[in-house]
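Below you'll find the structure, written out as structure tokens, and then a few comments.
The values are calculated or read from the model by the stated rules, or taken from the named source; none is laboratory data. Quantities reported herein were computed from a predicted structural model and do not represent experimental measurements. Cβ: placed from backbone, ideal geometry, glycine included. Neighbour counts: every protein chain shown. Ligands, DNA and RNA are stripped out before the accessible areas are found, and what is left, the full protein with its side chains, is counted by its heavy atoms. Shrake-Rupley method; radii C 1.70, N 1.55, O 1.52, S 1.80 Å.
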Amino acid sequence: MDALADLVIAVDEAATTLVSHARRSSALVCTFDAVTSPSRLRVILAATTSSPVDASTSSFGWLVLRTLVDDVMLEQTPAAAPTGDRSVTITLEKALPAS
């Protein structure tokens with residue numbers, strides 16, 4: 001169950017990243033999805049932010065995500081105006097061995 005524990009920690013880190021950038025009235029949406037089989041899980045976290053999320057490879061949080069899951073992706077829609085909102089999504093994928 002180490003793989004599941006790693007995924008839980010990664011989801012917590014991704015949620016913390018989004019919450020720290022989210023608009024006050026924004027909702028954090030978390031979706032769970034079996035990717036290609038029941039042994040691989042995709043978790044998609046999304047929020048509306050007022051500033052870009054920095055996914056620098058040197059940041060500790062991003063290093064944690066890349067270490068704990070098999071795949072991690074950050075998607076951001078550009079703001080329409082310099083002070084506008086943007087939609088930010090972090091997608092995590094992890095293989096979970098059968099027990």
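Please say if the stretch 8-60 is rounded, prolate or oblate, where rounded means a/c under 1.5 for a ≥ b ≥ c the square roots of the C-alpha gyration tensor eigenvalues, and otherwise the choice is prolate for a/b larger than b/c and oblate otherwise? Because a/c hits 1.5 or more and a/b fails to exceed b/c, the stretch 8-60 counts as oblate. Potential lengthening of the chain between SER39 and ALA79 amounts to 10.7 nm, from the contour at 0.36 nm per residue minus the alpha-carbon distance. Across the chain, Cα-Cα pairs more than 21 Å apart make up 33 percent of the total. Remark: accessible surface ordering of ILE9, ILE90, ILE44 (largest first) is ILE9, ILE44, ILE90, probe radius 1.4 Å.
Hey, can you find the accessible area per residue of the chain for me, probe 1.4 Å, expressed in square angstrom? Computed with neighbouring chains in place, this is 60 Å² per residue. Net charge around ASP85, counting only other residues with Cβ within less than 13 Å of its Cβ (Lys, Arg = +1; Asp, Glu = -1)? With Lys, Arg at +1 and Asp, Glu at -1, the net is +3. Largest accessible area first, the residues LEU7, LEU63 order themselves as LEU63, LEU7 under a 1.4 Å probe with ligands, DNA and RNA left out. Residues whose amide H lies under 5 Å from that of ASP71, counting only those 5 or more places away or on a different chain, are GLU93; hydrogens are built 1.01 Å from N in the peptide plane. In the stretch 1-60, the portion of solvent-accessible area held by carbon and sulfur atoms comes to 58 percent [1.4 Å probe, whole percent, DNA, RNA and ligands not counted]. Between CYS30 and ASP12, the modelled labels are 1.1 nm apart [label points 7 Å from Cα along Cα→Cβ]. Computed with every protein chain present, the accessible area of SER26 is close to 30 Å² [probe 1.4 Å]. Once all protein chains are placed together, LEU18 keeps about 0 Å² accessible to a 1.4 angstrom probe. Between the stretch 45-99 and the stretch 1-24, the alpha-carbon centres lie 10 Å apart.
Of VAL29, VAL11, VAL88, which is the most mobile in a GNM of the chain whose springs link Cα atoms less than 10 angstrom apart? Result: VAL29 has the largest fluctuation of those listed.
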